[in-house]
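Below: the structure, in structure tokens.
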Amino acid sequence: MDIEDFVWLASYPRSGNTYLRTILRHAFGLRSASIYPNDLGGNKELEEYIGHIEHNPRLQEQLQETGIPLIKTHELANDTRPAIYVIRDGRAACVSLWEFYNRTIPMEAVIEGRHRFGTWADHVKSWDPWARPNTLLLKYEQLRDDLPIALNAIGEFLKMEIRATDIPDRNTIASADGKWVRKKTNWRAELKGANLKRFVKINKDILKQTGYL
């Protein structure tokens, strides 16, 4: 993807990146791309909800047409480009990632970061959204439960006016997908006992810093 100037939409997997992109699409009229080809599995209905632009020869041009090029990533930070970093309670994110993998890897592997994205805490530390320049930190829970404050923060960061406040309901979008966007679940039903203790031990400092513990 040969694009010079853009804003990262960054997060640990399953932390609300897709919902953020949906908000950017409907509240600000901004479409976005992803570093991952075929990111949404070719689901055209879902792509329209989210404002996704799939990889194609005109990708750079299409991103420029939206006003602000926005690109999703789940990778660790590797440059100083502006970024919006979305964080979610790591316990919920890890359970959701385990489900996204169709439970084909052990929960312990997700908790311990034995997959391409590493541990939840290490990902947050890599982006360091509290100290990283030109970075807006948003909590998924705020996007979900206190959208007006989140919209104001996004608008100020991107220097854009809010166009609308009517965002498609998560369950409505999930009905068009079920994989990238799932209906609400409870992480406590799956992460407990020794696995929960292991997760807290590995991620305790960031859980405390973010107010999740």
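A short reminder: the numbers here are calculations on the coordinates, not readings from a lab. Remember, it's a predicted structure, so these values are computed and weren't measured experimentally. Note: ideal-geometry Cβ built from the backbone for every residue, glycine included; neighbour counts use all protein chains shown.
Structural remarks
- Antiparallel bridges, percent of DSSP beta bridges restricted to the chain (to nearest 5): 0
- For segment 31-37, 3J(HN,Hα) computed residue by residue from phi via the Karplus equation (6.51, -1.76, 1.60; θ = phi - 60°) reads 8, 8, 10, 9, 6, 9, x Hz, glycine and proline entered as x.
- Applying 0.36 nm per residue to the separation of Asp166 and Arg182 and subtracting their alpha-carbon distance, the gain on full extension is 3.8 nm.
- P(r) weight above 32 Å for the chain, C-alpha pairs, percent: 13
- Counted charge near Phe28, where neighbours are those whose Cβ lies closer than 9 Å (Asp, Glu -1; Lys, Arg +1): +1
- Mean ellipticity per residue at 222 nm, deg cm²/dmol - from DSSP H runs of n ≥ 4 across the chain, formula -39500 (n - 2.57): -12000 deg cm²/dmol
- Segment 1-77 - Rg over Rh from alpha carbon coordinates, Kirkwood radius: 0.92
- Long pairs among Lys72/Lys139; Lys125/Lys208; Lys72/Lys204; Lys139/Lys208; Lys125/Lys204; Lys125/Lys201, criterion Cα-Cα beyond 19 Å: Lys72/Lys204
- Amide hydrogen neighbours beyond the local backbone of Lys139, cut-off 5 Å, H modeled: Ile87
- Here the residues Ser15, Ser32, Ser126, Ser96, ranked from fewest to most Cβ neighbours within 10 Å of their Cβ, fall in the order Ser126, Ser96, Ser32, Ser15.
- Cα centroid of segment 97-141 to Cα centroid of segment 161-213, whole Å: 11
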